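Asks: Dumping the structure here so I can ask a few things about it.
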Amino acid sequence: MMTGRGRAVILLVDDDEDYRFLLGRAMEVAGLSDRCRLLESGEEAIAYLQGVGAYSNREAHPFPDMLFLDNKMQGLGAFEVLQWMHDNPRCRVTPTMVLSASGLLEDVNRAYELGANGYISKPERFEQLCHLLKSAHDFWSHCEKGTRPEAGPQSAVPA
């Protein structure tokens with residue numbers, strides 16, 4: 001686990017293949033691609049956080065220091081992942097931002113009520129996306145992190 005200054009492992013979750021490509025490119029431009037993990041669904045994000053299945057090797061798939069979740073995904077969206085994280089103490093202290101094309105006030109409020117640390121409208125320009133991801137990384141990399149409880153049984157993925 002990262003404490004204080006360092007390079008954070010960033011989990012980016014978006015079900016849109018084109019936007020995942022942009023996220024990956026933005027991380028490359030920001031010089032962070034070696035710390036970036038791109039996933040395509042809320043279900044996959046929970047499996048990664050649990051360290052199960054394809055993500056059981058924590059050397060290859062370290063627990064993330066921060067997450068960016070797309071708000072509207074097929075299957076489990078950001079709200080369901082945030083609720084799952086809230087129900088699993090190991091994940092509660094992980095900084096999590098919701099990236100969304102929607103700026104609906106009810107979505108913003110719900111994300112914060114479920115424990116999101118930020119709700120960000122998806123930038124319109126690629127340069128803005130690069131700046132956003134680099135800025136978030138730099139900010140959270142300088143923050144002290146709380147202690148995560150030891151890995152243990154975690155609740156199942158919501159139905």
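Each value in this text was obtained by applying a stated rule to the coordinates, not by laboratory testing. Predicted model, so just to flag it, every value in this text is computed and none were measured.
Asks: Let me have the 222 nm mean residue ellipticity of the chain computed from DSSP H runs of 4+ only, each contributing -39500 (n - 2.57), with the sum over all residues rounded to the nearest 500. Could the numbers behind the result be given before it?
Replies: Details: 5 runs with 57 residues, N = 159.
The helix contribution divided over the chain gives -11000 deg cm²/dmol.
Asks: Let me ask something else about it. Let me have the relative contact order for the chain, percent, based on Cα pairs under 8 Å that are six or more residues apart. Walk me through the numbers on the way to the answer.
Replies: Details: 257 pairs, mean separation 46.2, N = 159.
Rounded, it is 29 percent for the chain.
Asks: Using alpha-carbon pairs under 8 Å, 6+ residues apart, how would you state the relative contact order of the range 62-152 in percent?
Replies: Details: 98 pairs, mean separation 26.7, N = 91.
Relative contact order, the range 62-152: 29 percent.
Asks: From Cα coordinates alone, what are the radius of gyration and Dmax values for the chain in angstrom?
Replies: 14.5, 41
Asks: Another question about this same structure. Classify the range 53-102 as rounded, prolate or oblate from the Cα gyration tensor: take a ≥ b ≥ c as the square roots of its eigenvalues, call it rounded if a/c is under 1.5, otherwise prolate when a/b beats b/c and oblate if not.
Replies: Values: a/c = 1.80, a/b = 1.55, b/c = 1.16.
Prolate.
Asks: On a full-extension model of 0.36 nm per residue, what is the gain between residue 102 and residue 121, subtracting their alpha-carbon distance, rounded to one decimal in nm? Don't skip to the end; give the middle numbers.
Replies: Working: separation 19, 0.36 × 19 = 6.84 nm, distance 0.68 nm.
Working it through step by step, the gained length comes to 6.2 nm.
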